[in-house]
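One structure coming up, written as structure tokens, with questions to follow.
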Amino acid sequence: MSTRKMTVGNLPLGGGAPVTIQSMTNTDTRDVEKTLAQINALFRAGCEIVRVSVYDELCVKAVRTLVDKSPVPLVADIHFDHKLAIGALENGIHKVRINPGNIGGETNVKELADCLKMHPVPVRIGVNSGSVEKEILRKYGGPTPRGMVESAINHARLLEKYGYTDLVLSMKSSSVPGTVEAYRIASKETDYPLHIGVTEAGTPGMGTIKSAIGIGSLLLDGIGDTLRVSLTGDPVNEVYAALEILKATGIRKEGINIVSCPTCGRTCIPVGDIAERVKRETMDIKTPLTVAVMGCIVNGPGEAREADMGVAGGKDGGALFVKGEKPRSVKGDLAEALIAEIRKRVNQ
């Protein structure tokens, strides 16, 4: 189903626009220098929209400088105080994330809607399984997928009642099946752009797996206009995970796609070390290339025939192969030889 089209700063959102990657700073927003440093680190990693917590008046004051110096559009994360949202809007924020159910009732929602008409930006109605209203919990017996969708739509209609319609929905849960079901329901029943993700997924590792299953399932269904991988720790890891999910689902093609074998008793080279080094040292490359690292000369080239180039381990070195060319023997550092070949091809 096609969703409404809007823009976040200069980025299109919804209406068939490319899926964008979001993350969120975990610095003290009032510390402008540290927050900008993290925003820039996220940008360099490939993040396209960054959310910052706005939880007091000092944060509101910081928004102006952050917006002026940020290389990407910024979202203000607001809870409990609608005046903080109004202050962020007046200071140029590009998008606001709220839950109308916790900002003090219809009078405050109307006041925010009036401000949004003067400073029009998208508003994300962010409902998590832990923030569903008591009446809906009673109705459905807990934070069910249907209950989360009903909560989000009710909040959206409250803003629309006062004349504001540039709305994005999210219905996140730490349960992967619950999250996927909620978004599938919302996709069938509304045309709001959807911000997808599994909330409180955990640390890199299990959290990445949960996010990949949940977000990947939705993307393969054609659901999702923007996404965040929620991981504990350095938010840059969220961006790397998001990029890999988008590449794995075929939505993004740019960058190096590493194919490596699981290894076996015939393995002649440190496949994992070589693959990690190639990945690390080619992260700046945007040209779409599939690069293979195979552990032995027996099946390696055949298994990697769809790769643009790669190496396969041999007794005293290995073979470097490039699509359409005869493989050639390489001695010494296979990772270095492969990286050099990648850069040669990219720079041709």
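The values are calculated or read from the model by the stated rules, or taken from the named source; none is laboratory data. Source: prediction; values computed, not measured. Positions of Cβ are generated from backbone atoms using ideal geometry, with glycine treated the same way; all protein chains shown enter the neighbour counts. Note: areas computed on protein heavy atoms with side chains; ligands, DNA, RNA excluded. Shrake-Rupley method; radii C 1.70, N 1.55, O 1.52, S 1.80 Å.
Between MET206 and ASN102, what length comes free when the chain is fully extended (0.36 nm per residue of separation minus the Cα-Cα distance, one decimal in nm)? Each step should come with its number before you reach the end.
On the way: separation 104, 0.36 × 104 = 37.44 nm, distance 3.09 nm.
Net length gain for the segment: 34.3 nm.
List, in the order given, every pair from LYS139/LYS172; LYS34/LYS61; LYS5/LYS110 whose Cα-Cα distance in the structure shown is over 21 Å. Could the numbers behind the result be given before it?
Working: LYS139/LYS172 19 Å; LYS34/LYS61 15 Å; LYS5/LYS110 23 Å.
Distance filter (> 21 Å) returns LYS5/LYS110.
Of SER131, PRO120, PRO143, which is farthest on the positive side of the dipole of segment 84-166, counting Cα position, with +1 on Lys and Arg Cβ, -1 on Asp and Glu Cβ, and the Cα centre as origin?
Result: PRO143.
Putting +1 on Lys and Arg Cβ atoms and -1 on Asp and Glu Cβ atoms, find which of LEU167, HIS82, ALA307 reaches farthest to the positive end of the dipole of the chain.
Checked the options; the winner is ALA307.
A further question follows. At what distance in angstrom do the alpha carbon centres of segment 224-249 and segment 87-165 lie from each other?
Taking the Cα centre of each part, segment 224-249 and segment 87-165 sit 25 Å apart.
Ok, one more. Could you derive backbone 3J(HN,Hα) for segment 18-34 from the dihedral phi with the Karplus parameters 6.51, -1.76 and 1.60 (θ = phi - 60°), listing whole Hz in sequence and x where the residue is Gly or Pro?
These are the phi-based 3J(HN,Hα) values: x, 5, 9, 9, 10, 8, 9, 5, 10, 7, 6, 4, 5, 8, 4, 4, 5 Hz.
On C-alpha positions alone, give me the angle between the axis of helix 145-161 and the longest principal axis of the chain, in degrees, nearest 10.
In the chain, helix 145-161 runs at an angle near 50 degrees to the longest axis.
Let me ask something else. Below 14 Å, Cα to Cα, which aspartates and glutamates can LYS161 reach? Residues fewer than 8 away in the same chain don't count.
Partners within reach: GLU106, GLU111, ASP114.
Read phi for every residue in segment 262-275 and hand back ³J(HN,Hα) as whole Hz from Karplus 6.51 cos²θ - 1.76 cosθ + 1.60, θ = phi - 60°, with x for Gly and Pro.
So the J values, rounded to whole Hz, are x, 6, 7, x, 7, 4, 10, 9, x, 3, x, 5, 5, 4.
Using unit Cβ charges (K, R positive; D, E negative) and no other charged atoms, how large, in debye to the nearest 20, is the dipole of the chain about its Cα centre?
Numbers: 43 positive and 40 negative charges, 136 e Å.
Its charge dipole is roughly 660 debye.
Please compute the per residue accessible area over segment 285-342 with all protein chains in place, 1.4 Å probe, rounded to a whole number of Å².
Values: 2810 Å² over 58 residues.
Normalised by residue count, the accessible surface of segment 285-342 is 48 Å².
Helix 57-69 sits at what angle to the longest principal axis of the chain, using alpha carbons and giving 0 to 90 degrees rounded to 10?
The two axes meet at around 50 degrees.
Summarise the accessible area of segment 198-315 (1.4 Å probe, protein heavy atoms) by the percent that is carbon and sulfur.
Details: 2950 of 5500 Å².
Roughly 54 percent, rounded to a whole number.
Kirkwood Rh over alpha-carbon pairs of segment 69-128, then Stokes-Einstein at 10 °C and 1.306 mPa s: what D in µm² s⁻¹, rounded to an integer? Numbers along the way, then the final one.
Working: Rh = 11.5 Å.
D, rounded to a whole number, is 138 µm²/s.
Just subtract the alpha-carbon distance of GLU281 and SER2 from 0.36 nm times their residue separation and send over the number in nm, one decimal.
96.6 nm
How many Å² of accessible area per residue for segment 225-272, probe 1.4 Å?
Details: 2160 Å² over 48 residues.
Dividing the accessible area of segment 225-272 by its residue count gives 45 Å².
For segment 271-327, give the magnitude of the charge dipole about the Cα centre (Cβ charges: +1 Lys/Arg, -1 Asp/Glu; no others), in debye to the nearest 20.
On the way: 8 positive and 9 negative charges, 14 e Å.
Magnitude of the dipole: close to 60 debye.
Here is a follow-up. For HIS119 and ALA17, FRET efficiency with R0 = 22 Å and r from the beta-carbon atoms, rounded to 0.05?
Working from the Cβ atoms, E equals 0.50.
In terms of the Cα gyration tensor, with a ≥ b ≥ c the square roots of its eigenvalues, is segment 218-262 rounded because a/c is under 1.5, prolate because a/b exceeds b/c, or oblate? Don't jump to the answer; show the numbers that get you there.
On the way: a/c = 1.96, a/b = 1.07, b/c = 1.84.
Note, shape of segment 218-262 comes out oblate.
Given a 1.4 angstrom probe, I'd like the percentage of the accessible area of segment 93-160 that is carbon and sulfur, rounded to a whole number. Display every interim value, and only then the final one.
Values: 1430 of 2780 Å².
Ligands and nucleic acids excluded, carbon and sulfur give 52 percent.
Something else now. Given the peptides 83-89, 112-118, 242-248, arrange them by the average over their residues of other C-beta atoms within 10 Å, most packed first.
Values: 83-89: 23.1, 112-118: 17.3, 242-248: 20.3.
Ranked from most to least packed, the peptides come out as 83-89, 242-248, 112-118.
Of the options ILE93, ASN108, PRO71, report the single residue whose Cα projects farthest towards the positive end of the charge dipole of segment 47-123 (beta-carbon charges: Lys, Arg +1; Asp, Glu -1).
PRO71
How much solvent-accessible surface does SER2 expose, in Å² to the nearest 10, with a 1.4 Å probe and all protein chains in place?
Answer for SER2: close to 90 Å² accessible.
Taking the Cβ of PRO288 as the center, what net charge do the other residues with Cβ under 11 Å away carry, scoring Lys and Arg +1 and Asp and Glu -1?
On the way: positive: LYS247, ARG252, LYS253, LYS286; negative: GLU254, ASP308.
It works out to a net charge of +2.
Could you compute the net charge surrounding CYS59? Neighbours are other residues with a C-beta less than 15 Å from the C-beta of CYS59; K and R count +1, D and E count -1.
Details: positive: ARG30, LYS34, ARG51, LYS61, ARG64, LYS83, ARG97; negative: ASP28, ASP31, GLU33, ASP56, GLU57, ASP77, ASP81, GLU90.
Here the count lands on -1.
Turning to a different aspect of this structure: What is the sum of charges, Lys and Arg at +1 and Asp and Glu at -1, for the other residues whose Cβ falls under 13 Å from the Cβ of TYR140? Numbers along the way, then the final one.
Numbers: positive: LYS134, ARG138, LYS139, ARG146; negative: GLU133, GLU135, GLU150, GLU181.
Residues close to TYR140 contribute a combined charge of 0.
Give the dimensionless ratio obtained when the Cα radius of gyration of the chain is divided by 2.2 N^0.38 Å.
That ratio works out to 1.14.
Can you compute the FRET efficiency between ASN347 and ASP221 using 1/(1 + (r/R0)^6), with r the Cβ-Cβ distance and R0 = 41 Å? Round to the nearest 0.05. Show your work: numbers first, answer last.
Numbers: r = 38 Å, r/R0 = 0.94.
Efficiency at R0 = 41 Å is approximately 0.60.
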